[in-house]
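Since the structure comes first, as structure tokens, the remarks are kept for the end.
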Amino acid sequence: MVVYRYVPTILQEFCYVNESLKMRGLNLSVRNLKHLIPTIENYMVPLLFRSEKLSEELSAASLCKGLSVERNRSCCTEVKLTLADFLYLLGMAVVICGLLYLDFLNF
């Protein structure tokens, strides 16, 4: 579950690194792609240092919220499919089949 929160956080950190490199004149450009290894290093080193700290923070937050491997997850309401759900799925299947049929007819 922590992974779902980790990916957007790393993308946000990539934007922060990109902004800081722009201020230093080392942003991602065709001119800097000539020196590919130093350009990759400029991005990866800050991301690696931040990712270690972020992973610790996110795992601590998940433990505080009660996520654990030893326990089963609980839910306040029982989740089950109802007749309305099946009718909605049937309606969407009809719409998709109709669109595919119209596409088959080149309409």
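No lab work stands behind these numbers, since they all come straight from the coordinates. On a predicted model such as this, the values are computed, not experimentally measured, just so you know. FYI the Cβ positions are ideal-geometry reconstructions off the backbone, even for glycines, and counts take in every protein chain you see.
Note down the relative contact order for the chain as a percent, whole number, built from C-alpha pairs under 8 angstrom at least six residues apart. Taking the mean separation of contacting Cα pairs over the length of the chain, I get 27 percent. With neighbour counts taken as other beta-carbon atoms within 10 Å, the residues Thr82, Thr77, Thr39 rank, fewest first, as Thr77, Thr82, Thr39. All Cα-Cα distances of the stretch 2-71, cut into 5 Å bins from zero to the largest, leave 3, 15, 21, 18, 14, 10, 7, 5, 4, 2, 0 percent in each bin in turn. Using the charge dipole of the chain (Lys, Arg: +1 at Cβ; Asp, Glu: -1 at Cβ; taken about the Cα centre), state which of Leu83, Pro46, Leu100 has its Cα farthest towards the positive end. Looking along the dipole axis, the top candidate is Pro46. Counting only other residues whose beta carbon sits under 13 Å from that of Gly25, what net charge do I get with K and R as +1, D and E as -1? Within the 13 Å Cβ shell, the charges total +2.
Only the Cβ atoms of Lys and Arg (+1) and of Asp and Glu (-1) were treated as charged; on that basis the dipole of the chain about its Cα centre amounts to roughly 320 debye. For the pair Tyr16 and Ala61 in one chain, pulling the backbone fully straight at 0.36 nm per residue adds 14.0 nm over the alpha carbon distance. Label-to-label distance for Lys53 and Tyr6 is 1.8 nm, based on points extended 7 Å past Cα in the beta-carbon direction. Each label point was placed 7 Å from the Cα along the Cα-to-Cβ direction; for Val79 and Met23 their separation is 4.1 nm. Here's the list of lysines a cross-link from Lys65 could span, going by alpha-carbon distance under 19 Å and ignoring same-chain residues fewer than 8 apart: Lys53.
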